[in-house]
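Please read the structure below before turning to the comments.
The values are calculated or read from the model by the stated rules, or taken from the named source; none is laboratory data. Quick caveat, the model's predicted, so the values are computed rather than measured. Counting neighbours? That spans all protein chains shown, and the Cβs are built from the backbone with ideal geometry, glycine included. Heavy atoms of the whole protein, side chains included, go into the accessibility calculation; ligands, DNA and RNA do not. Shrake-Rupley method; radii C 1.70, N 1.55, O 1.52, S 1.80 Å.
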Amino acid sequence: MNTTDGQRLGIQMDVRVRQADLGRDGSASTSGMARWLEDARIRLRLHRFERLIGRGGFGPFHILLVGQRVNRLAPVGPAGTRVQVHTGVRRVGRSSFTFEQVIRVDGKHVGNGEATVVLADSSGPLQLPDELIADLDEMQLSETETSAAARPRPERLQRAHYSHWATLRSRIGDVDSNQHVNFIALATWYDEAVATFTSHSIEASGAGSVPDLAPTSYQIQYLGEVTYPGDYEIGLMIRPVDSDSVHYELGVFHDSTCLSVADAIGPRGKLTAKALEAAPTAD
(Lines give C-alpha, C1' and ligand atoms only; values in the text may rest on other atoms or scores of the structure.)
Protein backbone atom coordinates (compact mmCIF):
# COMPACT_ATOMS: atom_id res chain seq x y z
CA MET A 1 0.00 0.00 0.00
CA ASN A 2 1.32 3.45 -0.97
CA THR A 3 0.98 5.42 2.25
CA THR A 4 1.97 8.69 0.55
CA ASP A 5 -1.13 8.74 -1.63
CA GLY A 6 -4.28 9.52 0.39
CA GLN A 7 -6.44 8.14 -2.43
CA ARG A 8 -5.00 4.66 -1.87
CA LEU A 9 -5.26 4.43 1.90
CA GLY A 10 -8.87 3.25 1.98
CA ILE A 11 -11.86 4.39 4.01
CA GLN A 12 -10.96 6.61 6.97
CA MET A 13 -12.41 6.10 10.45
CA ASP A 14 -11.47 8.33 13.37
CA VAL A 15 -10.68 6.70 16.73
CA ARG A 16 -9.84 8.23 20.09
CA VAL A 17 -7.03 6.70 22.14
CA ARG A 18 -8.49 5.23 25.32
CA GLN A 19 -6.73 4.83 28.63
CA ALA A 20 -7.07 1.06 28.29
CA ASP A 21 -5.12 1.23 25.01
CA LEU A 22 -1.97 2.50 26.72
CA GLY A 23 0.95 0.29 27.66
CA ARG A 24 3.39 0.63 30.50
CA ASP A 25 5.38 3.34 28.70
CA GLY A 26 2.33 5.61 28.48
CA SER A 27 1.81 5.14 24.73
CA ALA A 28 -0.52 2.79 22.89
CA SER A 29 0.41 -0.89 23.08
CA THR A 30 0.39 -3.20 20.08
CA SER A 31 -2.82 -4.83 21.33
CA GLY A 32 -4.29 -1.34 21.78
CA MET A 33 -3.61 -0.63 18.12
CA ALA A 34 -5.25 -3.94 17.25
CA ARG A 35 -8.42 -2.66 18.96
CA TRP A 36 -8.40 0.43 16.72
CA LEU A 37 -8.09 -1.75 13.63
CA GLU A 38 -11.01 -3.87 14.81
CA ASP A 39 -13.10 -0.80 15.60
CA ALA A 40 -12.57 0.58 12.10
CA ARG A 41 -13.50 -2.74 10.45
CA ILE A 42 -16.70 -3.08 12.49
CA ARG A 43 -17.82 0.40 11.43
CA LEU A 44 -17.53 -0.32 7.70
CA ARG A 45 -20.86 -0.43 5.86
CA LEU A 46 -21.50 -3.24 3.36
CA HIS A 47 -24.79 -2.03 1.93
CA ARG A 48 -25.54 -4.80 -0.58
CA PHE A 49 -24.62 -7.52 1.88
CA GLU A 50 -26.67 -5.89 4.65
CA ARG A 51 -29.73 -5.77 2.37
CA LEU A 52 -29.21 -9.42 1.47
CA ILE A 53 -29.17 -10.39 5.13
CA GLY A 54 -32.16 -8.15 5.85
CA ARG A 55 -34.36 -10.02 3.40
CA GLY A 56 -33.18 -13.42 4.65
CA GLY A 57 -31.07 -14.22 1.60
CA PHE A 58 -27.99 -15.36 3.49
CA GLY A 59 -27.39 -17.05 6.81
CA PRO A 60 -27.34 -17.92 9.55
CA PHE A 61 -23.60 -17.40 9.80
CA HIS A 62 -20.92 -16.07 12.10
CA ILE A 63 -17.82 -14.04 11.35
CA LEU A 64 -14.44 -15.59 12.10
CA LEU A 65 -11.10 -13.83 12.15
CA VAL A 66 -8.61 -16.46 10.97
CA GLY A 67 -5.50 -14.31 10.82
CA GLN A 68 -4.25 -10.87 11.68
CA ARG A 69 -1.12 -8.75 11.54
CA VAL A 70 -0.46 -5.59 13.55
CA ASN A 71 2.67 -3.45 13.59
CA ARG A 72 3.33 -0.65 16.07
CA LEU A 73 5.67 1.70 14.21
CA ALA A 74 5.75 4.72 16.53
CA PRO A 75 4.48 5.77 19.97
CA VAL A 76 0.93 7.18 20.13
CA GLY A 77 -0.62 8.90 23.13
CA PRO A 78 -1.80 10.17 25.52
CA ALA A 79 -5.42 9.12 26.01
CA GLY A 80 -7.72 11.33 23.96
CA THR A 81 -5.36 11.57 20.99
CA ARG A 82 -7.25 11.43 17.69
CA VAL A 83 -6.16 8.61 15.39
CA GLN A 84 -7.12 7.97 11.76
CA VAL A 85 -7.49 4.35 10.65
CA HIS A 86 -7.64 3.78 6.89
CA THR A 87 -9.11 0.45 5.73
CA GLY A 88 -9.18 -1.17 2.31
CA VAL A 89 -9.47 -4.67 0.87
CA ARG A 90 -6.29 -6.41 -0.22
CA ARG A 91 -7.63 -9.80 -1.32
CA VAL A 92 -10.99 -11.45 -2.00
CA GLY A 93 -11.14 -15.24 -2.28
CA ARG A 94 -13.96 -17.75 -2.59
CA SER A 95 -14.53 -18.06 1.16
CA SER A 96 -12.32 -15.39 2.75
CA PHE A 97 -11.21 -11.81 2.33
CA THR A 98 -8.38 -9.71 3.74
CA PHE A 99 -8.46 -6.12 4.94
CA GLU A 100 -5.32 -3.99 4.89
CA GLN A 101 -5.14 -1.03 7.27
CA VAL A 102 -2.94 1.96 8.06
CA ILE A 103 -2.92 4.01 11.27
CA ARG A 104 -1.99 7.69 11.05
CA VAL A 105 -1.75 10.56 13.53
CA ASP A 106 -1.43 14.10 12.14
CA GLY A 107 -0.37 12.63 8.81
CA LYS A 108 2.33 10.40 10.32
CA HIS A 109 2.24 6.66 9.66
CA VAL A 110 2.36 5.11 13.15
CA GLY A 111 1.05 1.58 12.60
CA ASN A 112 -0.51 -0.85 10.18
CA GLY A 113 -2.11 -4.24 9.99
CA GLU A 114 -4.29 -6.67 8.15
CA ALA A 115 -7.07 -9.11 9.00
CA THR A 116 -8.35 -12.17 7.14
CA VAL A 117 -12.04 -12.93 7.66
CA VAL A 118 -14.18 -16.00 6.98
CA LEU A 119 -17.96 -16.38 7.12
CA ALA A 120 -18.92 -19.78 8.50
CA ASP A 121 -21.79 -21.88 9.78
CA SER A 122 -21.78 -25.13 11.74
CA SER A 123 -20.53 -27.02 8.67
CA GLY A 124 -17.52 -24.77 8.08
CA PRO A 125 -16.55 -21.82 5.83
CA LEU A 126 -19.20 -20.49 3.44
CA GLN A 127 -18.76 -19.26 -0.10
CA LEU A 128 -18.91 -15.48 -0.19
CA PRO A 129 -22.16 -14.19 -1.73
CA ASP A 130 -21.99 -11.97 -4.82
CA GLU A 131 -23.42 -9.02 -2.89
CA LEU A 132 -20.58 -9.12 -0.36
CA ILE A 133 -17.98 -9.50 -3.10
CA ALA A 134 -19.41 -6.41 -4.85
CA ASP A 135 -19.16 -4.39 -1.63
CA LEU A 136 -15.59 -5.55 -1.06
CA ASP A 137 -14.60 -4.80 -4.66
CA GLU A 138 -15.50 -1.15 -4.07
CA MET A 139 -12.92 -1.04 -1.27
CA GLN A 140 -10.23 -2.90 -3.23
CA LEU A 141 -6.83 -1.25 -2.95
CA SER A 142 -4.88 -0.82 -6.17
CA GLU A 143 -2.01 -3.21 -6.89
CA THR A 144 -2.50 -5.23 -3.73
CA GLU A 145 -3.88 -8.57 -4.93
CA THR A 146 -1.85 -11.35 -3.30
CA SER A 147 -2.27 -15.01 -2.45
CA ALA A 148 -3.66 -16.22 0.85
CA ALA A 149 -1.25 -16.56 3.78
CA ALA A 150 0.60 -19.86 3.92
CA ARG A 151 -0.41 -22.33 6.60
CA PRO A 152 2.01 -22.75 9.52
CA ARG A 153 4.90 -25.14 9.10
CA PRO A 154 4.07 -28.57 10.58
CA GLU A 155 6.63 -28.24 13.37
CA ARG A 156 4.89 -25.09 14.62
CA LEU A 157 1.92 -27.26 15.63
CA GLN A 158 4.03 -29.56 17.80
CA ARG A 159 4.82 -28.95 21.47
CA ALA A 160 8.38 -30.16 20.94
CA HIS A 161 9.11 -27.08 18.81
CA TYR A 162 8.87 -24.72 21.78
CA SER A 163 11.42 -24.33 24.56
CA HIS A 164 9.67 -21.97 27.01
CA TRP A 165 6.13 -22.11 28.41
CA ALA A 166 3.57 -19.94 30.18
CA THR A 167 0.28 -21.29 31.60
CA LEU A 168 -2.95 -19.29 31.41
CA ARG A 169 -6.61 -19.87 32.25
CA SER A 170 -9.33 -18.35 30.09
CA ARG A 171 -11.58 -15.77 31.77
CA ILE A 172 -15.29 -15.19 31.26
CA GLY A 173 -14.53 -11.57 30.37
CA ASP A 174 -12.46 -12.79 27.37
CA VAL A 175 -15.46 -14.52 25.73
CA ASP A 176 -17.12 -12.78 22.77
CA SER A 177 -20.47 -13.21 20.99
CA ASN A 178 -19.14 -16.26 19.12
CA GLN A 179 -18.74 -17.93 22.54
CA HIS A 180 -14.99 -18.26 22.35
CA VAL A 181 -12.05 -16.20 23.61
CA ASN A 182 -11.76 -12.97 21.63
CA PHE A 183 -8.74 -12.50 19.37
CA ILE A 184 -7.68 -9.33 21.20
CA ALA A 185 -7.57 -11.31 24.45
CA LEU A 186 -5.45 -13.95 22.71
CA ALA A 187 -2.99 -11.27 21.61
CA THR A 188 -2.53 -10.32 25.27
CA TRP A 189 -1.82 -14.00 26.02
CA TYR A 190 1.13 -13.81 23.67
CA ASP A 191 2.23 -10.65 25.48
CA GLU A 192 2.03 -12.63 28.74
CA ALA A 193 4.22 -15.43 27.36
CA VAL A 194 6.88 -12.97 26.20
CA ALA A 195 6.75 -11.12 29.54
CA THR A 196 7.15 -14.42 31.42
CA PHE A 197 10.18 -15.32 29.32
CA THR A 198 11.84 -11.90 29.54
CA SER A 199 11.27 -11.48 33.29
CA HIS A 200 12.72 -14.92 34.02
CA SER A 201 15.66 -14.29 31.68
CA ILE A 202 16.51 -10.94 33.28
CA GLU A 203 15.73 -12.36 36.73
CA ALA A 204 13.31 -9.60 37.69
CA SER A 205 12.83 -9.50 41.46
CA GLY A 206 9.43 -7.83 41.67
CA ALA A 207 6.56 -6.18 39.80
CA GLY A 208 8.39 -2.88 39.48
CA SER A 209 11.42 -4.51 37.87
CA VAL A 210 9.62 -6.57 35.20
CA PRO A 211 11.13 -5.46 31.87
CA ASP A 212 8.85 -3.69 29.37
CA LEU A 213 9.81 -5.67 26.25
CA ALA A 214 6.36 -6.33 24.77
CA PRO A 215 6.36 -7.10 21.03
CA THR A 216 5.74 -4.26 18.60
CA SER A 217 4.78 -6.61 15.76
CA TYR A 218 2.49 -9.65 15.59
CA GLN A 219 1.49 -11.98 12.76
CA ILE A 220 -1.16 -14.36 14.16
CA GLN A 221 -3.06 -17.30 12.69
CA TYR A 222 -6.06 -18.78 14.49
CA LEU A 223 -6.43 -22.53 13.99
CA GLY A 224 -9.13 -23.52 16.48
CA GLU A 225 -11.41 -22.20 19.20
CA VAL A 226 -10.09 -21.16 22.60
CA THR A 227 -13.01 -21.53 24.98
CA TYR A 228 -14.10 -20.84 28.54
CA PRO A 229 -13.53 -22.49 30.91
CA GLY A 230 -10.14 -23.90 30.00
CA ASP A 231 -6.47 -24.13 30.91
CA TYR A 232 -3.97 -23.38 28.15
CA GLU A 233 -0.23 -23.21 27.61
CA ILE A 234 1.63 -20.76 25.39
CA GLY A 235 4.86 -22.07 23.93
CA LEU A 236 7.72 -19.75 22.95
CA MET A 237 10.76 -20.31 20.77
CA ILE A 238 13.41 -17.66 20.07
CA ARG A 239 14.24 -17.15 16.42
CA PRO A 240 16.89 -14.88 14.82
CA VAL A 241 18.27 -12.20 17.16
CA ASP A 242 19.98 -8.97 16.16
CA SER A 243 21.44 -6.12 18.18
CA ASP A 244 18.09 -4.41 18.80
CA SER A 245 15.32 -6.98 18.47
CA VAL A 246 14.26 -10.54 19.19
CA HIS A 247 12.03 -12.64 16.93
CA TYR A 248 9.67 -15.06 18.66
CA GLU A 249 7.63 -18.01 17.47
CA LEU A 250 4.67 -18.72 19.73
CA GLY A 251 1.79 -21.18 19.93
CA VAL A 252 -1.33 -21.62 22.09
CA PHE A 253 -1.94 -25.24 23.13
CA HIS A 254 -4.71 -27.13 24.87
CA ASP A 255 -3.04 -30.40 25.81
CA SER A 256 -1.41 -31.48 22.52
CA THR A 257 -3.66 -29.45 20.21
CA CYS A 258 -2.31 -26.21 18.76
CA LEU A 259 -5.07 -23.59 18.48
CA SER A 260 -3.10 -20.54 17.31
CA VAL A 261 0.41 -19.58 16.24
CA ALA A 262 2.11 -16.20 16.15
CA ASP A 263 5.32 -14.61 14.93
CA ALA A 264 6.36 -11.61 16.98
CA ILE A 265 9.18 -9.08 17.08
CA GLY A 266 10.09 -7.26 20.28
CA PRO A 267 12.93 -5.14 21.63
CA ARG A 268 15.98 -6.96 22.93
CA GLY A 269 16.51 -4.65 25.90
CA LYS A 270 18.68 -6.28 28.57
CA LEU A 271 17.98 -9.88 27.61
CA THR A 272 21.03 -11.86 28.62
CA ALA A 273 23.36 -13.70 26.29
CA LYS A 274 22.55 -16.86 28.24
CA ALA A 275 18.84 -16.51 27.49
CA LEU A 276 19.54 -15.99 23.79
CA GLU A 277 22.50 -18.31 23.28
CA ALA A 278 20.40 -21.01 21.56
CA ALA A 279 18.93 -18.55 19.08
CA PRO A 280 20.44 -18.03 15.60
CA THR A 281 21.85 -14.60 14.78
CA ALA A 282 20.21 -12.57 12.02
CA ASP A 283 22.32 -11.90 8.93
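Figures for the structure shown
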| item | result |
| --- | --- |
| Qualifying trypsin sites (Lys or Arg not before Pro) in the stretch 40-88, DSSP loop, other Cβ atoms within 10 Å at most 12 | Arg45, Arg55 |
| Stretchable slack from Glu233 to Ser122, in nm (0.36 nm times residue separation minus alpha-carbon distance) | 37.3 nm |
| Euclidean distance between Cα centres, the stretch 106-139 to the stretch 22-59, Å | 10 |
| Intensity falloff of the chain expressed as log10 I(q)/I(0), Debye formula with alpha-carbon point scatterers, at q = 0.16 Å⁻¹ | -1.40 |
| Under DSSP loop assignment and at most 13 Cβ neighbours within 10 Å, longest GluC sites (Glu not before Pro)-free interval of the chain | 1-142 |
| DSSP H segments from the chain that extend 27 Å or more along their own axis, Cα-based, with Kyte-Doolittle mean of -1.0 or above | 183-202 |
| Rg in Å to one decimal, and Dmax rounded to a whole Å, for the stretch 151-208 via C-alpha atoms | 14.4, 40 |
| Solvent exposure ordering (accessible area, 1.4 Å, most first) of Lys270, Lys108 | Lys270, Lys108 |
